[in-house]
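Heads up: the structure comes next, in structure tokens.
The values are calculated or read from the model by the stated rules, or taken from the named source; none is laboratory data. Since the model is a prediction, treat every value here as computed from it, not as a measurement. Glycine gets a Cβ as well: all are built from the backbone with ideal geometry, and neighbour counts include every protein chain shown.
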Amino acid sequence: MCGVVYGLTSGFGLPYMIDQVFPKIFPTDPSAPTLPSWEIFWYVAWFPAVFLVRGVSSYANSYLINYCGMRVLEKIRLDVFKKLQSLPISFFNQNKTGDLLSRVMGDTGQLQTAVLSVSNDLIKQPVTFIGAISALCVMAVQREGMAFVLLCLLVIPICVFPIRRVGELLMSKALGMQQQVGGLTAILSENLSGPTEIRAFNLKNREVSRFQNAADQFFTARMKVIKYAHLLTPLIEIITASGISIAIFQAAKTSIHLDAVVPVIVALYMSYEPIKKLGTIHNKVKEGLASLTRLDHILVAEETVRNAPNPQEITTPKGNIKFDRVSYSYPSIDPKTPSPPALSEISFTAEAGEIIALVGPSGAGKSTLAGLIPRFHDPSSGSISIDGIDLRQMDLHSLREVVALVPQKPFLFDASVRENIELGNSSFTECSIGDALDYANATEFVSLMKNQKDEILGERGSRLSGGQLQRLALARAFYRNSPILVLDEATSALDTENEEKIHNAMARLTKGKTTFLIAHRFSSIRLADRILVLDKGKIIADGPHSQIYASCELYRNLYDNQTD
């Protein structure tokens, strides 16, 4: 509504004042009587009144549309972020972190800029155009010999052709620019994630060169966008200026007085100005569509791991786990070349409270198998069940609360010790934070911190050593107290003394819980009741240490290489 008022006062009000009000204040006939002061006052008062209405409506229009635009765009950004929380782990393995960051922040920001810049003129410019055309038609009809200026409006359809062509080119260039931004952000993100390696291997010059090349490519892409974004305005100005020149030429040939021509020329100019601004709007829309296309990559990504229509809650799980002919292949980047299976025809049963060690060379499928239990990914074929219920029929939140995970490279948030451990809270939690720290042999180093349990750990726990980081991750698992444990070599970063203490704590933690222990260091398999040996995605041996040491050559070689 505010845009309509602004457009009408701009497109119709101002030409009307010049055409109707000014001749009464400044009569062309010298013999005409002078108007009384009070009448001149009321005529003059129309001028600030029109601009007052125009200013208030312009402000209200800009504020309200910006408010709505910001709300919509923040909703899109939140939807994209929510979608990222639901996508499978394989999606993040296929997409660079920096590129995803660029899509969530950069592309939504670009889309937001486009929407806000467009929204201000999206209503008032068309209305201004309609108002100016209306005023022009009225004046051309009322004034004898002025109807010819309406022919000058024929240049308006001509403007459509450059607007469409430039818009198409701009969209493709804007999409390329946003892709370059994603690549640049990916390089920066990767660089900031590995400062130690960069300095250790003297990679400074390499990293600067990579960033410089990406920055140069972005610069080139950005300049292409600027070229086409600013090309449209002068093209439209040339076309519309030609129309105004034709009007002046025709007016001069018909010997029409200047005071009759000026209002018509003003109205003609005001009818052309919105065309130029609508062309700019079209360009901004195309830039926004390029960003929206990149956001669609996330929004339309398939959620391969999702809740069943009527999921089953897990209230009192026993912990019996069955793998039935389970195979899994990671998604291929090239659809024409499928990935080789990471797991093939895996079948076994883990009884409640049983501790199973997963052993095998790197790439054998140990972490992939463990990742299927909390449904980080679903089997390509076969099924996994807990207490006889297929994982795909279970409530996803409830399932993941049943499973406690300690990865080989644990992640801690930039929060306090207390907050990081409390993140593991579940319906099975029984011990206090202090007890969890004691069980993980972490109380001693936490007590030496300035703020102890309230000490902020830094991004990814950067203020901790590798062993301290792993012990706090173990403390979180102790605190969670889930009936199913997945321990991806939870002692790999500990020294011999602390490793022995952690083994004792782990023996207490795993008591009565179904545990999958991914063993990279064979000292930890002494906790296991049973060992599964994997090779090339298949189980090649299953049994206690003494049995498979005698029967499985691969296991025997792996074990002897570490114990010699």
Taking only pairs six or more apart or across chains, which ones have beta-carbon atoms under 7 Å, a first residue in region 271-296 that is of a type in the set (Asp, Glu), and a second residue that is assigned to a helix (DSSP H, G or I)? Glu287/Gln110; Glu287/Ala114; Glu287/Leu170; Glu287/Ala174
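Take the residues of region 435-468 that are assigned to a loop (DSSP other than H, G, I, E, B) and at positive phi: which is surrounded by the most Cβ atoms within 10 Å (Cβ to Cβ)? Before you say what the answer is, go through the steps one by one.
Applying the first criterion (assigned to a loop (DSSP other than H, G, I, E, B)) to region 435-468 yields 440-442, 448-451, 455, 457-458, 462-465.
Imposing the further condition that a residue be at positive phi reduces the set to 441, 458.
On the way: Asn441: 21, Gly458: 13.
Filtering first and then ranking leaves Asn441.
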Within region 317-374, restricting to residues that are surrounded by fewer than 17 Cβ atoms within 10 Å (Cβ to Cβ) and of a type in the set (Asp, Glu), the one that is nearest to Lys511 (Cα to Cα) is Glu351
Got at least one residue in region 391-405 being surrounded by fewer than 16 Cβ atoms within 10 Å (Cβ to Cβ) and touching a Ser or Thr at 6+ places or on another chain (Cβ under 7 Å)? no
Filter region 514-528 for residues that are among the hydrophobic types (A, V, I, L, M, F, W, C) and assigned to a loop (DSSP other than H, G, I, E, B); which is farthest from Pro483 (Cα to Cα)? Ala519
Considering only residues that are of a type in the set (Gly, Ala, Ser) and at pLDDT 75 or above, which ones fall in region 246-290? Gly279, Gly288, Ala290
Ser492 passes all but one of the listed conditions (1) crowded, with 16+ Cβ neighbours inside 10 Å; (2) modelled with pLDDT of 75 or more; (3) closer than 26 Å to Tyr330 by Cβ; the exception is number (2)
Taking Asn420 as the residue in question, decide whether it is part of a loop (DSSP other than H, G, I, E, B), modelled with pLDDT of 85 or more and closer than 30 Å to Asp454 by Cβ. no
Pull up region 529-564, narrow it to residues that are more than 25 Å from Thr510 (Cα to Cα) and outside any helix (DSSP H, G or I), then point me to the one that is nearest to the chain's Cα centre (by Cα). Gly537
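What number of residues within region 157-192 satisfy the criterion of being within 30 Å of Arg460 (Cβ to Cβ) and surrounded by 13 or more Cβ atoms within 10 Å (Cβ to Cβ)?
Pass one, region 157-192, residues within 30 Å of Arg460 (Cβ to Cβ): 178-192.
Right, trim to surrounded by 13 or more Cβ atoms within 10 Å (Cβ to Cβ) and you get 178-191.
The number of residues fulfilling the criteria is 14.
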